[in-house]
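Trainee: Would you mind keeping the following structure in view while I ask a few things?
The values are calculated or read from the model by the stated rules, or taken from the named source; none is laboratory data. What you are looking at is a predicted structure, and each value in this text was computed from that prediction instead of being measured. Positions of Cβ are backbone-derived with ideal geometry, glycine not excepted, and every protein chain shown enters the neighbour counts. Heavy atoms of the whole protein, side chains included, go into the accessibility calculation; ligands, DNA and RNA do not. Shrake-Rupley method; radii C 1.70, N 1.55, O 1.52, S 1.80 Å.
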Amino acid sequence: MARIRTKGAKLQITISSTLTDIAQIISFTEPTTENQVEVTATIDDSVGVTKSNTGYVDTSDLSAEIFFDKASATHEFITDTIQTGATAYPIAGKIIGSDSTEDTFSIVGLSISKSFPERGFQRATIGMKLTGQITYAT
Amino acid sequence: MKAQYVLPTDRGPDTPAEHKHWDECRQKRAPKPWLPPWKPGDVIEHPECWRLVRFGICKPFDEECRQRAGMTDEQIAEAIEMQKAVRAGQLTGDPTVDAPDEGDDDE
């Protein structure tokens, strides 16, 4: 079984026509991709809840944790983009694994929140709302 | 506003037509690259290209970009070195979060 280490993985987003590494990433979690299903049971059905596949594929948000640095270009870009509003989107992004495989996606919304862990350094969590499907390397 | 690439960098979509092409390429899992990458020496004209100077990917190519980036030559050189560290996954200097040196196996 292959084991692919996480160190060396990168998150890139497009800034000025350029896929740019997001600096100071501590960790990130790829979005969950799932078939969207709907409960189709009615009140007079028997106890088993029935569901049907709607035909859509739903992709959740992507989140990344970075060391917070108010002077960093990454932080500046994220906050500027959020405050620009809808015209700043879509933004293309890519996750490059340490084995050089690439998963690609399009972002239609960003968020950022600072955190103060009990020990260590100030951090920020960047949230990315995606549109459509993430395209996996395999 | 213009900036000149110092480091080779993949291209990302910018215009609606490029976004359409990007989506088509990735949905088909078309072979890379979807557009030619930026090479050192290439010049980009873009209203946000001053950010690439802050990221250490480009240097200013005109006075407008230099002023918007607001960096001295020393700061630009520092940003380029920092970008190299980012790309190597070794920005923090902390071995628990940084990528290992090439050839190292830290498992």
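Trainee: Over 23 Å from residue B:47 (Cβ atoms), in contact with a Lys or Arg (Cβ under 8 Å, 6 or more places away or on another chain), among the hydrophobic types (A, V, I, L, M, F, W, C) and surrounded by 20 or more Cβ atoms within 10 Å (Cβ to Cβ): is that true of residue A:124 in this structure?
Mentor: Considered against the rule, which asks whether it is over 23 Å from residue B:47 (Cβ atoms), in contact with a Lys or Arg (Cβ under 8 Å, 6 or more places away or on another chain), among the hydrophobic types (A, V, I, L, M, F, W, C) and surrounded by 20 or more Cβ atoms within 10 Å (Cβ to Cβ), residue A:124 comes out as yes.
Trainee: Can we say residue B:59 is out of contact with any Leu (no Cβ under 7 Å at 6 or more places or on another chain), more than 10 Å from chain A (Cβ to nearest Cβ) and within 24 Å of residue A:101 (Cβ to Cβ)?
Mentor: Working: out of contact with any Leu (no Cβ under 7 Å at 6 or more places or on another chain): yes; more than 10 Å from chain A (Cβ to nearest Cβ): yes; within 24 Å of residue A:101 (Cβ to Cβ): no.
Spelling it out, it is not the case that residue B:59 is out of contact with any Leu (no Cβ under 7 Å at 6 or more places or on another chain), more than 10 Å from chain A (Cβ to nearest Cβ) and within 24 Å of residue A:101 (Cβ to Cβ).
Trainee: Criterion first (outside any loop (DSSP other than H, G, I, E, B) and in contact with a Ser or Thr (Cβ under 6 Å, 6 or more places away or on another chain)) does residue A:131 satisfy it?
Mentor: So residue A:131 passes the test.
Trainee: Scan region B:88-106 and give yes if some residue there is under 29 Å from residue A:26 (Cα atoms) and modelled with pLDDT of 80 or more, otherwise no.
Mentor: No, region B:88-106 contains no residue that is under 29 Å from residue A:26 (Cα atoms) and modelled with pLDDT of 80 or more.
Trainee: List the residue pairs whose Cβ atoms are under 8 Å apart, where the first residue sits in region B:40-52 and is part of a strand (DSSP E or B), the second is open to solvent by 20 Å² or more (accessible area, probe 1.4 Å) and of a type outside the set (D, E, K, R), and the two are 6 or more positions apart or on different chains.
Mentor: B:43/B:4; B:43/B:61; B:44/B:4; B:44/B:38; B:45/B:1
Trainee: Another question about this same structure. In region A:96-128, what residues are part of a strand (DSSP E or B), away from chain B (no Cβ under 12 Å) and either among the hydrophobic types (A, V, I, L, M, F, W, C) or touching an Asp or Glu at 6+ places or on another chain (Cβ under 7 Å) (or both)?
Mentor: If the condition is that a residue be part of a strand (DSSP E or B), away from chain B (no Cβ under 12 Å) and either among the hydrophobic types (A, V, I, L, M, F, W, C) or touching an Asp or Glu at 6+ places or on another chain (Cβ under 7 Å) (or both), then A:110, A:112, A:124, A:125, A:126, A:127, A:128 are the ones that fit.
Trainee: So, one more: For region A:39-52, which residues satisfy the criterion of being exposed (fewer than 10 other Cβ atoms within 10 Å of the Cβ) and acidic (Asp, Glu)?
Mentor: A:44, the sole residue that qualifies.
Trainee: Among A:87, A:29, A:81, which is the only one that is open to solvent by 20 Å² or more (accessible area, probe 1.4 Å) and under 30 Å from residue B:81 (Cβ atoms)?
Mentor: The conditions single out A:29.
Trainee: Now a separate question. Quick check: anything in region B:3-14 within 12 Å of another protein chain (Cβ to nearest Cβ), surrounded by fewer than 20 Cβ atoms within 10 Å (Cβ to Cβ) and either without any contact (Cβ under 8 Å) to a residue 24 or more places away in the chain or in a helix (DSSP H, G or I) (or both)?
Mentor: No; the residues of region B:3-14 include none that is within 12 Å of another protein chain (Cβ to nearest Cβ), surrounded by fewer than 20 Cβ atoms within 10 Å (Cβ to Cβ) and either without any contact (Cβ under 8 Å) to a residue 24 or more places away in the chain or in a helix (DSSP H, G or I) (or both).
Trainee: Of all residues in region A:90-121, count the ones that are over 21 Å from residue B:47 (Cβ atoms), of a type in the set (Val, Ile, Thr) and open to solvent by 20 Å² or more (accessible area, probe 1.4 Å).
Mentor: Count: 3.
Trainee: Being away from chain B (no Cβ under 14 Å), touching a residue at least 40 places away in the same chain (Cβ under 8 Å) and either surrounded by fewer than 11 Cβ atoms within 10 Å (Cβ to Cβ) or hydrophobic (A, V, I, L, M, F, W, C) (or both) narrows it down to one residue among A:62, A:19, A:11; which is it?
Mentor: Only one candidate passes the filter, namely A:62.
Trainee: Next question. List the strands (runs of 3 or more DSSP E) that sit entirely inside region A:1-88 and contain at least 3 residues that are within 13 Å of the chain's Cα centre (by Cα). If you could, list the steps in order and put the result at the bottom.
Mentor: Numbers: elements: A:10-15, A:18-21, A:25-29, A:33-39, A:51-59, A:62-67.
Here the list reads A:10-15, A:25-29, A:62-67.
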